[in-house]
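The values are calculated or read from the model by the stated rules, or taken from the named source; none is laboratory data. None of the values given here were measured: they were computed from a predicted structure. Glycine also receives a Cβ, built like all others from the backbone with ideal geometry; neighbour counts cover every protein chain displayed.
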Amino acid sequence: MIRLTAPLTDADVERLRAGDRVLLSGFVYTARDAAHARLVELIEKGEPLPFDLSGQIIYFVGPTPAPPGRPIGSAGPTTSYRMDPYSPVLVAHGLKGMIGKGKRSDEVKEALRRHKAVYFGAVGGAAALISKRILSAEIVAYEDLGPEAIRRLEVKDFPAVVVNDAHGGDLYEEGRKRYAREG
Amino acid sequence: MREVHVERITEAVRRLSVEANTRLGDDVVAAFERFREGEQSPTGRDVLAQLLENARIARDEGLPLCQDTGFAVVFVDLGQDVRLVGGDLYEAVNEGVRQGYREGYLRKSIVADPLRRKNTGDNTPAVVHVRLVPGDRVRITFAPKGGGSENMSGIAMLKPADGAEGVKRFVVDRVRQAGPNPCPPTIVGVGIGGTFEIAALLAKRALLRPVGDRNPDPFYADLEEELLAEVNRLGIGPAGLGGTTTSLDVHIEVHPCHIASLPVAVNIQCHSARHKEVEL
């Protein structure tokens, strides 16, 4: 088990390999489809982003509303391929990590190799468990998007696994092949 | 005629929407435990342990099992000797959803229009499937459906000559292509026969059967078991990280069909297989 603190450095990213299990602490930002579209639009127009992407991790999540006395509701990962059209642009602008679930496109994997970044998988549907590893949440931008607003989360021992590393490793491919028994 | 006030339907839907989203069925929990023992991948066993822990936290603390608290899919089996009074059935269901999703701190995941995509803010409207049945009872099943697994579903209009082999190929192919996306271990609902729309609805209804339940027709019970064994040989595993537990079960529902047709639909259910029902 590897302990990591976000934001990440290039050295953090380079030592990670597909299949590594990590416990992540520090700060991550949330964004889903609608927020990604807005971030990329700002980059294309050359306008400033609501937060500095350098070294940061984006968690693909739209949490449930926070019940009284909690920083956030249930907060598991959403399916990542919907962010594939946007992720390479963000990685080229300094994003070092993404957390989601499900396969990424070849373009995203190529961007991870070229710009030294990593894609983590969290367990989809383990949303109540993950909620307990989130210490605080504050809205940073796009409050009008409701569950899709960009939030800054402080996490402690957030469980994830490296799916796509910066060296071309792909746990979904390797894991499936290891256990496939197709006749 | 037995009169049932629609306020009772609102109340039932309100309660079921919170219960379904926070309490995983005993059949699903038992399946996690059973498959964890046989799972060959250590990572896969760890994922199943996380899912058991997640279900425990959700139950004990009243937190939603998954942040995607779903499209509110509501099945109403309406006894033909019941007369609903006090208002519109569909509005009564929507009011239950509105109250349940607000009071239960559940996520509002519905946009009013598929292309202009503005959130309705209260998770309505529900998808309501009403079926007239004999008797004077109203049976309501609440089955919130997440977007991630719904998106991996599919339908094909096969040729009759494709037969059982063609159906098997299509189902296994859907599960293979879905890979890690629909949150495995999944439950695979298969609808065979009927028309285009009936096949899809059969696949959805198949997901309401308990894990481990077999089709009463031995021919389809065998096909369910064959398909389950086959998808679990794909290697996708829990959370798609590799392993021998890709699906917890395959349920098949069938319907008579046209001499020219063999429709087959696959509706994939994530491991957060939530549904609760009540009879009024």
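Counting only residues that are part of a helix (DSSP H, G or I), more than 8 Å from chain B (Cβ to nearest Cβ) and either touching a helix residue (DSSP H, G or I) at 6+ places or on another chain (Cβ under 9 Å) or in contact (Cβ under 8 Å) with a residue 60 or more places away in the chain (or both), how many does the stretch A:112-129 have? Outline the logic, then answer.
Step one: of the stretch A:112-129, the residues part of a helix (DSSP H, G or I) are A:112-115, A:127-129.
The next check asks that each one be more than 8 Å from chain B (Cβ to nearest Cβ); those that pass are A:112-115.
Filter once more, keeping what is either touching a helix residue (DSSP H, G or I) at 6+ places or on another chain (Cβ under 9 Å) or in contact (Cβ under 8 Å) with a residue 60 or more places away in the chain (or both): A:112, A:114-115.
Final tally of qualifying residues: 3.
Scanning the stretch A:79-96 for residues that are over 10 Å from the mean Cα position of the chain (by Cα), within 14 Å of chain B (Cβ to nearest Cβ) and hydroxyl-bearing (S, T, Y) returns A:T79, A:Y81. Determine, yes or no, whether A:K109 is part of a helix (DSSP H, G or I) and either at the interface with chain B (Cβ under 9 Å from one of its Cβ atoms) or closer than 21 Å to A:V61 by Cβ (or both). In short, no. Confirm whether A:T64 is touching a residue at least 60 places away in the same chain (Cβ under 8 Å) and of a type in the set (S, T, N, Q). So A:T64 fits the description; yes.
For residues that are part of a helix (DSSP H, G or I) and either free of Cβ contacts under 8 Å to residues at least 12 places away in the same chain or among the charged types (D, E, K, R) (or both), tally how many sit in the stretch B:4-36. Break it down stepwise before answering.
Our first condition is that a residue be part of a helix (DSSP H, G or I); within the stretch B:4-36, this holds for B:6-22, B:26-36.
If we keep only those that are either free of Cβ contacts under 8 Å to residues at least 12 places away in the same chain or among the charged types (D, E, K, R) (or both) too, we end up with B:7-8, B:11, B:14-15, B:19, B:26-27, B:33-34, B:36.
Looking only at that region, the number is 11.
Only one of these is within 12 Å of another protein chain (Cβ to nearest Cβ) and of a type in the set (A, V, I, L, M, F, W, C): A:I150, A:I134, A:I139, A:I99. Name it.
Values: A:I150 fails: within 12 Å of another protein chain (Cβ to nearest Cβ); A:I139 fails: within 12 Å of another protein chain (Cβ to nearest Cβ); A:I99 fails: within 12 Å of another protein chain (Cβ to nearest Cβ).
A:I134 is the lone residue from the list that is within 12 Å of another protein chain (Cβ to nearest Cβ) and of a type in the set (A, V, I, L, M, F, W, C).
Here's the yes/no breakdown for (1) within 14 Å of another protein chain (Cβ to nearest Cβ); (2) in contact with a helix residue (DSSP H, G or I) (Cβ under 7 Å, 6 or more places away or on another chain); (3) hydroxyl-bearing (S, T, Y); (4) outside any helix (DSSP H, G or I):
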position: B:A72; (1), (2), (3), (4): no, yes, no, yes
position: B:F75; (1), (2), (3), (4): no, no, no, yes
position: B:G87; (1), (2), (3), (4): no, yes, no, yes
position: B:V93; (1), (2), (3), (4): no, yes, no, no
position: B:G96; (1), (2), (3), (4): no, yes, no, no
position: B:Y101; (1), (2), (3), (4): yes, yes, yes, no
position: B:Y105; (1), (2), (3), (4): yes, no, yes, yes
position: B:G121; (1), (2), (3), (4): yes, no, no, yes
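A quick yes/no check of all residues on (1) of a type in the set (A, V, I, L, M); (2) part of a loop (DSSP other than H, G, I, E, B); (3) at pLDDT 95 or above:
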{"residue": "A:A34", "(1), (2), (3)": "yes, no, no"}
{"residue": "A:L42", "(1), (2), (3)": "yes, no, yes"}
{"residue": "A:L49", "(1), (2), (3)": "yes, yes, yes"}
{"residue": "A:L53", "(1), (2), (3)": "yes, yes, yes"}
{"residue": "A:V61", "(1), (2), (3)": "yes, yes, yes"}
{"residue": "A:G69", "(1), (2), (3)": "no, yes, no"}
{"residue": "A:S74", "(1), (2), (3)": "no, yes, yes"}
{"residue": "A:P77", "(1), (2), (3)": "no, yes, yes"}
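Every condition in (1) charged (D, E, K, R); (2) assigned to a helix (DSSP H, G or I); (3) touching a residue at least 60 places away in the same chain (Cβ under 8 Å) is met by A:E154 except one, and the failing one is (2).
Scan the stretch A:102-119 and give yes if some residue there is of a type in the set (V, I, T), touching a Phe, Trp or Tyr at 6+ places or on another chain (Cβ under 6 Å) and within 19 Å of A:V13 (Cβ to Cβ), otherwise no. Scanning the stretch A:102-119, I find no residue that is of a type in the set (V, I, T), touching a Phe, Trp or Tyr at 6+ places or on another chain (Cβ under 6 Å) and within 19 Å of A:V13 (Cβ to Cβ), so the answer is no.
Put simply, of A:S105, A:S136 the only residue that is more than 19 Å from B:R107 (Cα to Cα) and hydroxyl-bearing (S, T, Y) is A:S105.
Taking the stretch B:40-53 as the range and being more than 9 Å from chain A (Cβ to nearest Cβ) and surrounded by fewer than 21 Cβ atoms within 10 Å (Cβ to Cβ) as the test, the residues that pass are B:P42, B:R45, B:A49, B:L52. Can you name the residue in the stretch B:127-163 that is under 18 Å from the mean Cα position of the chain (by Cα) and free of Cβ contacts under 8 Å to residues at least 60 places away in the same chain and, of all such residues, is nearest to the other protein chains (Cβ to nearest Cβ)? Among them, the one singled out is B:N151. Would you point out the residue of the stretch B:105-123, among those that are closer than 19 Å to B:G148 by Cα and buried (at least 17 other Cβ atoms within 10 Å of the Cβ), that is farthest from the chain's Cα centre (by Cα)? Among those residues, the one meeting the criterion is B:N119.
Within the stretch A:81-88, is even one residue among the basic types (K, R) and buried (at least 17 other Cβ atoms within 10 Å of the Cβ)?
Just the residues of the stretch A:81-88 that are among the basic types (K, R), to begin with: A:82.
Now restrict to residues that are buried (at least 17 other Cβ atoms within 10 Å of the Cβ): A:82.
Yes, the stretch A:81-88 contains a residue that is among the basic types (K, R) and buried (at least 17 other Cβ atoms within 10 Å of the Cβ).
From the list B:R56, B:R102, B:R98, which residue is without any contact (Cβ under 8 Å) to a residue 40 or more places away in the chain and either loosely packed, with under 15 Cβ neighbours inside 10 Å or among the hydroxyl-bearing types (S, T, Y) (or both)? I'd like the intermediate steps shown before the answer.
Values: B:R102 fails: either loosely packed, with under 15 Cβ neighbours inside 10 Å or among the hydroxyl-bearing types (S, T, Y) (or both); B:R98 fails: either loosely packed, with under 15 Cβ neighbours inside 10 Å or among the hydroxyl-bearing types (S, T, Y) (or both).
Just one listed residue meets the conditions, B:R56.
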